[in-house]
2 protein chains.
Amino acid sequence: MLRVPFTELASTLAAILVRIGFDPNRAEHCARLFAETTRDGVYSHGVERFPRFLEMICNGTVDIHATPECTQQFGALERWDGHRGPGNLNAWASMARAIELSADHGIGCVALANTNHWMRGGSYGWQAADAGVIGVCWTNTLANLPPWGASVPALGNNPLIIAVPRPAGHVVLDVAMSQFSYGALATYRRTGHPLPVDGGFDAEGHLTRDPAAIEASQRPLPIGYWKGSGLAMMLDMVAALLSGGLATHQIPTEPVKETGLSQIFLALNLAKLQPTEASAQAADAIVDSLLASGASVRYPGQQVLKTRAENLALGLPVREELWDNLLSL
Amino acid sequence: MLRVPFTELASTLAAILVRIGFDPNRAEHCARLFAETTRDGVYSHGVERFPRFLEMICNGTVDIHATPECTQQFGALERWDGHRGPGNLNAWASMARAIELSADHGIGCVALANTNHWMRGGSYGWQAADAGVIGVCWTNTLANLPPWGASVPALGNNPLIIAVPRPAGHVVLDVAMSQFSYGALATYRRTGHPLPVDGGFDAEGHLTRDPAAIEASQRPLPIGYWKGSGLAMMLDMVAALLSGGLATHQIPTEPVKETGLSQIFLALNLAKLQPTEASAQAADAIVDSLLASGASVRYPGQQVLKTRAENLALGLPVREELWDNLLSL
């Protein structure tokens, strides 16, 4: 594994995007979001995902020139059309707009239709928290998760992000509705380790910790069994209805053609209700009481800050083959 | 098990509330919410819970005369103080206010501090859906769930409700962040059945399906292990910070003294964006595609409608001893 400085990684990705026709400012922002994802340790959705992003530009799934457009507005609630532009830029613009709405209305909601994979959902949680607001967002996905009681995929693993700003370190949860992503299953399989808990069903319908058996059956487990199955459905339903866009059952099932996603971005402007010092104190007390409950307990986002600091100091880990490949583009 | 007609159950509970000093209109509403909960099959939080509610009035935890008061307002975001009034009436008023705000702003959010147990959270989801809006609400609770990595409770099992209106049957999810409630564990133990999936840790720290072992260890499992642990924390944090009220770590840990809860009520007014017929069609298509994925698949809320119809036809199931006890009050 190479260690590449953050700015070198970001500028390398940006240069590739400019060469394929991106506007330079948009290339810089899009590349930075990929690099920040790797910087923060979410390796599956950072630079590792960049080649697939390029493939989806080449195959016409992502339109690099498209920008989101407001199609309807009622008070603090807006509908935007992503016009199948780059998913991370669309998502960033949507959370930025929700934050703006929250400055006027206390709360803001952008429902975004017709967009593409947003890569790391947590990016938009950190964005909200950095702006000093509570952020909540989620996306639907193609069908990759069997509902509880079924053996074929009919739900997305629809990630949900909840972010609370805190001067001592934002608290940011970023969870998909499957217990383990396919990326995580592959990683366990390659290292020869069983999953730490049941992660899905094998071909015979038994719960298993064998990652390869779940990859083969295509039956990963929703978090909390029937509960995560219900949550995944609701997230899809609210995103599709509010945005007027596609629901999971309408999204192309081939991963490199996954498009037309529906997403929700909510910003809650706590600073309109109380001074940020009061919020910081209350947030710190909650974090402290959690951490006091056990030596190995972590709050959501805690590990990100540690990984970020390490990767900024040592350089971002990038597979040598991937790096060579990127430099050759 | 007796079968008591809905109106008889509701009026019996209301008469008891009037005798202990409730305003008659509030008594009728409070009693109806208890009866509707039993009607809908959520037996643990309906009439079965009524004696404990009376106890909490007698011990001063619930102030029957208190009504919620708006303490701060910024656009579509409001803070209310529940003044430790009856939890179900406070929650109902808060969701009603969120719905009202959504009529003006597209979205409305009420953050309620200083309230009491809301009984069945789903009540306020059905309330929103009946009013034609998407409703999202959650509450914190006393600490009853160990965070992932700890063996002592430091999180609440904070239920989350998401409700989508649909003419053919609302879709309403009502899930607590523990895989099984203590009520559910007790039911499995009494019937001598193991849990269908792991529900917590035994005294030695091993995952188990033995309900009694989990009751003894007080280590129920969050849904999705580390994921539900994170979700429970975020729900507490957002509720406490936005409402300016107590967080789980500040709530009295004795169940009959549990008070000062913080709750969030969100209403999203989809009808401001598109005709309800378009929403109904999109919702139906999502439900249909889910149900088509397997013969035993259910959508959230589906079973409630079936149970409701059965209980209205046959009378509501009430334990004979409980009924005798109520009639003697």
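Values in this text are rule-based calculations from the coordinates and carry no lab data. Note that the structure is a prediction, hence the values are computed from the model and not measured. As a convention, Cβ positions derive from the backbone with ideal geometry for all residues, glycine included, and neighbour counts pool all protein chains shown.
In summary, the aspartates and glutamates within cross-link reach of residue B:257, defined as a Cα separation below 13 angstrom excluding same-chain residues under 8 places away, comprise B:55, B:63. Summarising the label geometry, the points placed 7 Å from Cα in the beta-carbon direction at residue A:168 and residue A:314 lie 2.7 nm from one another. Ignoring aspartates and glutamates fewer than eight residues from residue B:306 along the same chain, the ones with Cα atoms less than 13 angstrom from its Cα are B:40.
Take chain B, connect every pair of alpha-carbon atoms lying under 10 Å apart with a spring to form a Gaussian network, then pick out the residue of B:286, B:161, B:214 with the largest mean-square fluctuation. Of B:286, B:161, B:214, the most mobile in the Gaussian network model is B:286.
Averaging Cα coordinates gives a centre for segment B:33-106 and one for segment B:251-321; these two points are 17 Å apart.
Against the compact-protein benchmark of 2.2 N^0.38 Å, the Cα-based radius of gyration of segment A:196-242 scales to 1.35. Hey, for a label at residue A:15 modelled as a point 7 Å past Cα toward Cβ, could you say which residues of segment A:294-325 have their backbone N under 18 Å away? Within reach of a label on residue A:15: A:316, A:318-325.
In segment B:179-221, a dipole from Cβ-located charges (positive for Lys and Arg, negative for Asp and Glu) runs towards its positive end, and of B:191, B:214, B:201 it is B:191 whose Cα lies farthest in that direction. Per-residue mean of foreign Cβ neighbours for A:279-291 is 5 (Cβ atoms of other chains, 10 Å radius).
The fraction of Cα-Cα pairs per 5 angstrom bin, counted from 0 for segment A:83-227, comes to 2, 10, 17, 17, 15, 14, 11, 9, 4, 1, 0 percent, rounded to whole percents.
Placing unit charges on the Cβ atoms of the charged side chains and taking the dipole of the protein assembly as shown about its Cα centre, the candidate lying farthest along the positive direction among A:237, A:132, A:155 is A:155.
For segment B:1-157, take the alpha-carbon Rg, divide it by the Kirkwood Rh, and send me Rg/Rh.
My calculation of the ratio gives 0.99.
Working note: Debye formula, equal point scatterers on the alpha-carbon atoms of segment B:179-221, no solvent; log10 I(q)/I(0) at q = 0.13, 0.21, 0.34 Å⁻¹ is -0.19, -0.50, -1.31. When shorter helices are ignored and each DSSP H run of at least 4 residues is given -39500 (n - 2.57), the per-residue value for the protein assembly as shown at 222 nm works out to -13500 deg cm²/dmol. In the distance distribution for segment B:24-94, Cα-Cα pairs more than 15 Å apart total 59 percent. Two numbers describe the Cα atoms of segment A:179-295: Rg and Dmax, which are 19.8, 56 Å. Of the Cα atoms belonging to the protein assembly as shown, the radius of gyration and Dmax stand at 24.5, 85 Å. Over all Cα atoms in chain B, the spread is summed up by Rg and Dmax: 19.7, 56 Å.
Pairwise Cα distances in segment A:277-329 exceed 14 Å in 71 percent of cases.
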